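What follows is a short report on a single structure.
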Amino acid sequence: MRRVCFLGLGYIGLPTAIVASWSGLEVLGVDIDPRIVATTNAGRLHFVEPGLEEMLRASLVTGHFRASDTVEVADAYVVVVPTPFKGDHEPDVSYVEGAIRQVMPLLKAGDLLIIESTSPVGTTERMRDMVYAARPELAGRLRMAYCPERVLPGNVVHELVHNDRVIGGVDEESTRAAMDFYADFVEGQLFATDARTAEMCKLTENASRDVQIAFANELSIICDKAGIDVWELIELANRHPRVSILRPGCGVGGHCIAVDPYFITSDFPTEARIIAEARRINNYKALYCAEAVEKAMLRFELERRRPPTVAMMGLAFKPNIDDLRESPAKYIVSRVMQGMDNADILVVEPNVREHKVFKLTDYHEAWERADIVVYLVAHDQFRTLPEAEGKLEMDFCGVRNGR
Ligand SMILES: NC(=O)c1ccc[n+]([C@@H]2O[C@H](COP(=O)([O-])OP(=O)(O)OC[C@H]3O[C@@H](n4cnc5c(N)ncnc54)[C@H](O)[C@@H]3O)[C@@H](O)[C@H]2O)c1
């Protein structure tokens, strides 16, 4: 296998394509967004990822990698397009289907087709059926597999190579072919399974994180009502040798943990009870935080006979990144701003220069000016601020507690 075509040059597809090109494969990266294609061919990344731009440039120079908006004949195709949800949290696999339809006319016997996009169980088999319905002469002669990605943005170059991978084909020959493909550039262990198990494995990993965070978030609400410091409680409970409770926050965000569990609940609405409840708890936690801030503002105004200045500290979905997708902090800020019309609310996000909706304030300035300081994201910068004397501090994410 020499020529590989990656479909989707986003946070995952582009780094994977570049790393694959370093193993000697001839890689074409395809994206429907012409700006991404142009930026990539100019040797620049369209997102931040340490170490990757240098690798991209080297691959362009050696000729092992180039980007295009058009698919070309290859021996292997890797689909890394988005899988958002639509309507009432149903998975939207139309991008995966669209990408596979693009390569369908190019496929030939013996080709390998891999899906990396997070997908509901049965997607790879459905895509196989779709391909064979359109190209019956290829029936049983393609290799198709699912291989999920579990890298951490910010550490992608290392994790792409060193993380273990789960690889599941629609039949044993497909699994073997996909294992051989990844063995060329992955140093982590490769685990063979079937396509359905590999699909469910990705969903399980993120649903597991969501459920565990929901437990911490539920505890935080109980502790709030019971007058107990949840951070101290968790620290003490975790001294038990077999207990390991995660940290609560103001909800759960991002494009993975806040999305993927719905791919299970949507297909198994009766059975997936804990998973569905975890989603509800984590969503509710953001509403709970917003209402707590509103109540604190009203109390302040009653006591001081003037409205407070409030600093909302953080918009990202987790600490030290600029990614605001599905962010509970962003939801809380919007909700409080809408609910408390005309209030003096300062919005802070040190990792973002400007935002099209929110006017951003420097975190020092916001802290200085605020009567109420609301910590929504535990960014490192916030930990350097002193405890606020004469101000009300609302710490939903443990800025004052530990890591
Ligand atoms: N970002 C992560 O941390 C992460 C981690 C694990 C898994 N995933 C999964 O990987 C998949 C891709 O995620 P991402 O973060 O890279 O998404 P992304 O939105 O950053 O990139 C996807 C790219 O695909 C392109 N695209 C859409 N349709 C196309 C088509 N038909 N042909 C070619 N290109 C097409 C888009 O223009 C976009 O550039 C998703 O299913 C996601 O859930 C993401």
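Select from the stretch 265-277 the residues that are touching a Ser or Thr at 6+ places or on another chain (Cβ under 6 Å) and assigned to a helix (DSSP H, G or I) and write down the one among them that is least open to solvent (accessible area, probe 1.4 Å).
At the first step, the residues of the stretch 265-277 found to be touching a Ser or Thr at 6+ places or on another chain (Cβ under 6 Å) are 272, 275-276.
From the residues that got through so far, the ones that are assigned to a helix (DSSP H, G or I) too are 275-276.
Numbers: Ile275: 37, Ala276: 20 Å².
Looking at the filtered set, the residue picked out is Ala276.
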**OP:** For the stretch 9-57, enumerate the residues that are touching a strand residue (DSSP E or B) at 6+ places or on another chain (Cβ under 6 Å), away from the ligand (no atom under 14 Å from the Cβ) and of a type in the set (Gly, Ala, Ser).
**Re:** Ala20, Ser21
**OP:** Kindly establish whether Glu354 is without any contact (Cβ under 8 Å) to a residue 12 or more places away in the chain, outside any helix (DSSP H, G or I) and among the acidic types (Asp, Glu).
**Re:** yes
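Residues to consider are Arg299, Arg280; find the one that is under 22 Å from Ala343 (Cβ atoms), open to solvent by 40 Å² or more (accessible area, probe 1.4 Å) and modelled with pLDDT of 95 or more.
Values: Arg280 fails: under 22 Å from Ala343 (Cβ atoms).
Within the list Arg299, Arg280, the selection yields Arg299.
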Original post:
Which residues, taken from the stretch 364-377, are hydrophobic (A, V, I, L, M, F, W, C) and open to solvent by less than 10 Å² (accessible area, probe 1.4 Å)?
Top reply: Ala366, Ala370, Ile372, Val373, Val374, Leu376, Val377
**OP:** Scan the stretch 64-89 and report the pairs whose first residue is in contact (Cβ under 8 Å) with a residue 12 or more places away in the chain and whose second residue is near the ligand (Cβ under 10 Å from one of its atoms) and open to solvent by 60 Å² or more (accessible area, probe 1.4 Å), with Cβ atoms within less than 7 Å and a gap of 6+ or a chain change.
**Re:** Asp69/Ile32; Asp69/Pro34; Val71/Gln102; Val81/Tyr95; Pro82/Tyr95; Thr83/Tyr95
Original post:
What are the pairs, 6+ residues apart or on separate chains, where a residue within the stretch 307-321 that is of a type in the set (Ser, Thr, Tyr) has its Cβ under 6 Å from a residue that is part of a loop (DSSP other than H, G, I, E, B) and open to solvent by less than 50 Å² (accessible area, probe 1.4 Å)?
Top reply: Thr309/Ala370; Thr309/Asp371
Original post:
Cβ-Cβ below 7 Å, separation at least six or inter-chain, first residue in the stretch 144-163 and farther than 20 Å from Asp323 by Cα, second in a loop (DSSP other than H, G, I, E, B) and open to solvent by 40 Å² or more (accessible area, probe 1.4 Å): which pairs?
Top reply: Val161/Glu187; His162/Glu187; Asn163/Arg150
**OP:** Could you list, in sequence order, all residues of the stretch 378-402 that are open to solvent by 70 Å² or more (accessible area, probe 1.4 Å), within 18 Å of Asp229 (Cβ to Cβ) and in contact (Cβ under 8 Å) with a residue 24 or more places away in the chain?
**Re:** Leu392
Subject >> In the stretch 94-111, the residues that are within 16 Å of the ligand (Cβ to nearest atom) and surrounded by fewer than 19 Cβ atoms within 10 Å (Cβ to Cβ) >> reply: Ser94, Tyr95, Glu97, Gly98, Arg101, Gln102, Met104, Pro105, Leu106
**OP:** For the stretch 126-152, enumerate the residues that are of a type outside the set (Phe, Trp, Tyr), closer than 21 Å to His255 by Cα and either in a helix (DSSP H, G or I) or open to solvent by less than 70 Å² (accessible area, probe 1.4 Å) (or both).
**Re:** Cys147, Pro148, Glu149, Val151
**OP:** Return the total of residues in the stretch 172-203 being free of Cβ contacts under 8 Å to residues at least 24 places away in the same chain and open to solvent by less than 70 Å² (accessible area, probe 1.4 Å).
**Re:** 2
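Give the number of residues within the stretch 232-264 that are outside any loop (DSSP other than H, G, I, E, B), more than 16 Å from the ligand (Cβ to nearest atom) and open to solvent by less than 70 Å² (accessible area, probe 1.4 Å). Even if it seems obvious, please write down each step before you answer.
If we filter the stretch 232-264 for residues that are outside any loop (DSSP other than H, G, I, E, B), which is where we start, we get 232-237, 261-264.
Filter once more, so that each one left must be more than 16 Å from the ligand (Cβ to nearest atom): 232-237.
Within this subset, residues satisfying the condition of being open to solvent by less than 70 Å² (accessible area, probe 1.4 Å) are 233-234, 237.
Count: 3.
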Original post:
Are there any pairs, at least 6 apart or on different chains, whose C-beta atoms fall under 8 Å, with the first in the stretch 43-63 and more than 21 Å from Gly24 (Cα to Cα) and the second of a type in the set (Phe, Trp, Tyr) and away from the ligand (no atom under 15 Å from the Cβ), and if so, which?
Top reply: none
Original post:
Given the structure, is Ile114 open to solvent by less than 10 Å² (accessible area, probe 1.4 Å) and in contact with a Cys (Cβ under 7 Å, 6 or more places away or on another chain)?
Top reply: yes
Original post:
Residues of the stretch 9-39 being within 22 Å of the chain's Cα centre (by Cα) and of a type outside the set (A, V, I, L, M), which ones?
Top reply: Gly10, Tyr11, Gly13, Pro15, Thr16, Gly29, Asp31, Asp33
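The values are calculated or read from the model by the stated rules, or taken from the named source; none is laboratory data. As the structure is a computational prediction, the values presented were derived from the model and not from experiment. Cβ coordinates were reconstructed from backbone atoms using ideal geometry, including for glycine residues, and neighbour counts include every protein chain displayed. The protein model used for the area step is the full one, side chains on, heavy atoms only, and it has no ligands, DNA or RNA in it. Shrake-Rupley method; radii C 1.70, N 1.55, O 1.52, S 1.80 Å.
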